[in-house]
Structure formats: structure tokens, C-alpha cells
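What follows is a short report on a single structure.
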Amino acid sequence: EVIHLLQEYNTSGNQGNGNHGNQPKDPAGDVSDEIAAEIAQLKRRVFDIMTLSNNMMFLALRDEALDPTELVHRLLTDLRESKQRRTRFTQKIQPVLHTCYASVEEITKTARVMLEGVFHNKTPKTFSIVYKSRNNSSLKRDDVIMAVATVATGNEEWSEWVKVNLDNPEWAVTVDVFQGVAFLGLLRDFILLAKYNIDNLTAEWKKEEEEEEGTGEKTENKNEEDGEKNGGESTENNIAPEPEEKAAEKDNSAEPVPTES
């Protein structure tokens, strides 16, 4: 289901509609040629699949023109805006830019290559480091985080433009270690897109809908209570009428009192 979903998106942000490339069809053309062209296009977009564990798979893009970071970001952004899950079994989709041997030295070298073009410039930016390890006991979390943080902020020329923000970073530098391999990524809108977790993203918009419905019910109930307190009448300019006797007294007191000369 992930492959079919990812194939609908490209780096320009357009969703696929089954007509890959939107090329005009020749009415006189052979149907077999059209089918062959369609299959060739799908093969260029298909992924190499490697099963890492029972609940984790690695999909490698064959098409070098596709950027996995942009591809997944556009997909999740569209899911968030449309509020449509579109996956049944997939819990999380996380793009990976580089892989290397799972050692502090190799992770440091790879992080330098990945971050150099984005972090080493005079543009203000914030980041956080997200580390996760599975089936690996040789690496220590703090050692890896310190090494990657040094790459991000260690250059004196650019360090003043790079700040740590753990609450809502502009960039999340992800380091996922599985056995002897490290997977590194650079993700945008990490918090906004619920840490790229589709389950959490779905739960967020369901919570927003429930809150909106609850606010509407409270407002409606408040209006009904106000109406009951005021006898069902509008409270605007609601002034009780005076008794006729008091009103007459006011009118009489306003008349001039005759005096004897």
C-alpha cells in the first residue's frame, strides 16, 4: 500500500491520477505499445524492498530524480490537510537520505555530508536530533547525539545561525540505528506532521474535530440556558414595565402646581 501511495506523488507536489506523465495518447497507436510504455514508467518508479524486521521495511528509490524527503513531506502534508488516512496497515513513513555503518565515526562523516549544504550558511535555522536504536548495543545514544550536534554547530563561521529547538524545530536530524546500519535523514515540519507518524497524525485531526464539535454543543447549550432564564425571550433591552399607578404618579409630578396669588 505504501508503494502505490508514494507513486502518486512526485517532487513537484502533483498527485498522480493514473496517467503517468500526462502524455497524449495516439488514437491510432497500438494498445500493446501503450501498455509497454506504462509498465516501463512504473518500473522506473518502483522501489527496491528490503525487510529489516517483522514490522519495518526499507524502500529504496530507483528513480534518482525523486527526493525521498520532499516526496514523503508532500504526502504527509496532503494527508494532514485532506484529513484522509489512505493507509490501513502503515503506521509511519520516514525518509532516509544516507546510510552508513553504525559507528560514531561513520555517522559523523555521513552527517557532515548531509548537513553541509543545509546548515553551513548564514540563514537562521533551528534543529533537534532524534535518535532511535534497534538491535544494537555497541552505540551509546549520548555519543551519537553529541557527534551529530558538533557537526551541526561546530563550525565557527556558521554556528551563530544554528540554534537548538527541541519543542518545534525547523529541521529534525534523524539517526535510526538497526543492527549494524545507521539511517540518517533531515526532516521538515517534524512536530507539525506528528513526527511522521500516520497514527498520531490521524489522532490529532480527530481530536480537533471532537473539540470543534464540543465547542459547538457548549455554545448551543449556553444559548438555551440563557433563553430559559429569561422566560424564552430575548435579553436585549429587556426592561420590566412599570405599574400603571407609578407611571401616573410620574406624569402628575411633571405637571406645574398652581399657586394662589
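The values are calculated or read from the model by the stated rules, or taken from the named source; none is laboratory data. Because the structure is predicted, anything quoted here is derived from the model rather than measured. Positions of Cβ are generated from backbone atoms using ideal geometry, with glycine treated the same way; all protein chains shown enter the neighbour counts. Calculation scope for accessible area: heavy atoms of the full protein, side chains included, ligands and nucleic acids excluded. Shrake-Rupley method; radii C 1.70, N 1.55, O 1.52, S 1.80 Å.
For residues in region 149-195 being hydroxyl-bearing (Ser, Thr, Tyr) and more than 24 Å from the chain's Cα centre (by Cα), which is nearest to residue 56 (Cα to Cα)? Full working, then the answer.
Here is the first cut: in region 149-195, the residues hydroxyl-bearing (Ser, Thr, Tyr) are 150, 153, 159, 174.
Then drop every residue that is not more than 24 Å from the chain's Cα centre (by Cα), which leaves 150, 153, 159.
Numbers: 150: 30, 153: 32, 159: 36 Å.
Here the residue is 150.
Taking the criterion of being crowded, with 16+ Cβ neighbours inside 10 Å and of a type in the set (Ser, Thr, Tyr), the residues of region 108-125 that qualify are 108, 110. Within region 58-79, residues that are among the β-branched types (Val, Ile, Thr) reach partners that are surrounded by 15 or more Cβ atoms within 10 Å (Cβ to Cβ) and at pLDDT below 90 with beta carbons closer than 8 Å, at six or more positions or on different chains, in the pairs 72/6. The requirement of being out of contact with any helix residue (DSSP H, G or I) (no Cβ under 9 Å at 6 or more places or on another chain), open to solvent by 80 Å² or more (accessible area, probe 1.4 Å), modelled with pLDDT of 90 or more and charged (D, E, K, R) is fulfilled somewhere in region 168-176, by at least one residue.
Number of residues in region 66-98 that are open to solvent by 80 Å² or more (accessible area, probe 1.4 Å) and out of contact with any helix residue (DSSP H, G or I) (no Cβ under 7 Å at 6 or more places or on another chain) equals 5. The residues of region 128-154 that are within 18 Å of residue 188 (Cα to Cα), at pLDDT 95 or above, in contact with a helix residue (DSSP H, G or I) (Cβ under 8 Å, 6 or more places away or on another chain) and of a type outside the set (Val, Ile, Thr) amount to a single one, 131. Is it fair to say residue 152 is over 30 Å from residue 54 (Cα atoms) and either basic (Lys, Arg) or not in a loop (DSSP other than H, G, I, E, B) (or both)? Yes. Checked against (1) surrounded by 10 or more Cβ atoms within 10 Å (Cβ to Cβ); (2) modelled with pLDDT under 70, residue 49 passes all but a single condition, namely (2).
Selection of region 116-151 for residues being closer than 19 Å to residue 94 by Cα, among the hydrophobic types (A, V, I, L, M, F, W, C) and out of contact with any Phe, Trp or Tyr (no Cβ under 9 Å at 6 or more places or on another chain) yields only 129. Got at least one residue in region 138-146 being open to solvent by 70 Å² or more (accessible area, probe 1.4 Å) and under 14 Å from residue 183 (Cβ atoms)? No, the conditions are met nowhere in region 138-146. The single condition among (1) modelled with pLDDT under 70; (2) open to solvent by 80 Å² or more (accessible area, probe 1.4 Å); (3) part of a helix (DSSP H, G or I) that residue 38 does not meet is (2).
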